[in-house]
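Only one structure is covered here, and it is reproduced in the block below.
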Amino acid sequence: MKIDAHQHFWNYDPVRDDWIDDTMSVLKDDFLPDGLKKEMDSCGIEGCVAVQADQSEKETTFLLDLAAQNPFIKGVVGWVDLASLEVESWLAFFSKSKLFKGVRHIVQAEPDVQFMLREDFKRGIDALSEFNFTYDILIYPKHLDVALELVSQFPEQPFVIDHMAKPEIKAKVISPWKEQMEELATAPNVYCKVSGLVTEADWHNWKEDDLKPYLDVVFGAFGTNRLMFGSDWPVCNVAGSYASVYSLVEEYLKGFDKEDREKIWGQNASDFYALT
C-alpha cells in the first residue's frame with residue numbers, strides 16, 4: 001500500500017489560521033478528505049496519515065472524527081499539551097482510538113529555541129512510551145542541535161523529523177544542516193519524512209535539480225529503511241500541486257530497486273505508525 005505519511009485537513013478560520021498570510025492565499029479555503037482523496041487517487045496512493053495543524057485537543061478530535069468516517073485515513077498525529085501535568089490523562093483519553101498514532105508540537109513557532117529540552121516538555125515525551133505513541137519533530141535547522149540532544153535522552157522513543165527539518169533550499173544553504181542531519185540519522189530510533197521540500201524552495205521557480213542535493217543527504221544518512229513520503233498537502237499548494245510533489249519523489253526513486261521504493265512509498269510509514 002502506498003501511504004502519504006504527512007498531510008493536513010482544516011475548515012479555514014482566519015483567526016485561528018493567522019499563519020496563512022496573503023502570500024499563501026491559496027490556503028485560505030477548506031481542505032477536507034474528499035479533496036485529498038482525488039489527489040491521492042490520481043497518484044495511486046491508497047492511505048494517508050493526518051497531522052495536526054492547530055494546537056488544541058479540539059483539533060485532535062476533529063482529525064480522529066474524519067479518520068473514523070474515511071477509511072483511507074489510516075492514522076492521526078494529533079496535539080496534546082506535553083508540558084501539562086494532565087498529559088497522561090489526555091494520552092489515555094486519545095489512546096481509546098486505534099487511529100491515534102502519535103503527537104506533534106509546532107516547535108518551529110516557539111520563541112525558545114531550547115523548548116524541547118524543557119523539563120516539563122521532556123516529561124511529556126517520556127509519557128508517550130506507556131502508550132507506544134510516536135513523536136513528530138517539526139523544526140527549523142536552528143533547532144537541530146536541540147533535537148540531537150532530545151533524541152539522545154530518549155533512545156527508545158520513536159521520532160520522525162518532519163520536512164527534513166526544513167533546509168534552506170531557496171538560499172542554497174546545505175551546511176551545517178547536512179552534518180547535523182547525518183548525526184541525527186545515527187540514532188536508530190529517528191526516521192525522516194521526505195516532505196515539505198517545495199515550500200522551502202523558490203515557490204514559483206524551483207526545479208528538481210534544486211532539491212536533489214538535499215534528497216541526496218537524507219537518503220545517504222537515513223537509507224531506505226527510515227524514510228517515508230509525505231505530500232504536506234494542502235500546504236504544498238503554495239509551491240506545487242500534489243502531483244508535482246509526488247512526481248518529484250517518483251523521479252528521484254527511479255534508480256532504486258522495487259523493495260526500496262516500496263519502503264519509501266509506504267512500508268516504513270506503516271511500520272513507524274503501526275498502520276493497519
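The values are calculated or read from the model by the stated rules, or taken from the named source; none is laboratory data. What you see is a predicted model, and the numbers here were worked out from it, not measured in a lab. No Cβ is skipped: glycine too gets one built from the backbone with ideal geometry, and neighbour counts run over all protein chains shown.
Every residue, every condition in (1) more than 16 Å from the chain's Cα centre (by Cα); (2) charged (D, E, K, R); (3) surrounded by 15 or more Cβ atoms within 10 Å (Cβ to Cβ), yes or no:
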{"position": "Ser95", "(1), (2), (3)": "yes, no, no"}
{"position": "Phe100", "(1), (2), (3)": "no, no, yes"}
{"position": "Glu156", "(1), (2), (3)": "yes, yes, no"}
{"position": "Lys166", "(1), (2), (3)": "no, yes, yes"}
{"position": "Lys193", "(1), (2), (3)": "no, yes, yes"}
Single residue of Ala127, Ala171, Ala187, Ala147 found to be outside any helix (DSSP H, G or I) and within 30 Å of Lys98 (Cα to Cα): Ala187
Name the single residue, out of those in region 23-43 being outside any helix (DSSP H, G or I) and of a type in the set (A, V, I, L, M, F, W, C), that is surrounded by the most Cβ atoms within 10 Å (Cβ to Cβ). Phe31
Those residues of region 1-22 which are at pLDDT 95 or above, outside any loop (DSSP other than H, G, I, E, B) and either of a type in the set (Val, Ile, Thr) or more than 20 Å from the chain's Cα centre (by Cα) (or both) amount to Ile3
Are any residues in region 67-98 closer than 19 Å to Phe31 by Cβ and either in a helix (DSSP H, G or I) or of a type in the set (A, V, I, L, M) (or both), and if so, which ones? Ala67, Ala68, Gln69, Ile73, Val76, Val77
Hits in region 152-180 - residues which are more than 22 Å from Lys207 (Cβ to Cβ) and touching a Cys at 6+ places or on another chain (Cβ under 9 Å): Val160, Ile161, Asp162
Taking only region 9-62 into account, find how many residues are under 27 Å from Tyr135 (Cβ atoms), out of contact with any His (no Cβ under 9 Å at 6 or more places or on another chain) and among the β-branched types (Val, Ile, Thr). 4
Take Leu64 and decide whether it is part of a helix (DSSP H, G or I), touching a Ser or Thr at 6+ places or on another chain (Cβ under 7 Å) and either modelled with pLDDT of 95 or more or surrounded by fewer than 18 Cβ atoms within 10 Å (Cβ to Cβ) (or both). yes
Counting only helices (runs of 4 or more DSSP H) wholly inside region 191-276, the ones holding at least 1 residues that are aromatic (Phe, Trp, Tyr) and farther than 22 Å from Leu138 by Cβ are 242-252
Do the conditions hold for Asp232, that is, is it among the acidic types (Asp, Glu) and surrounded by fewer than 23 Cβ atoms within 10 Å (Cβ to Cβ)? no
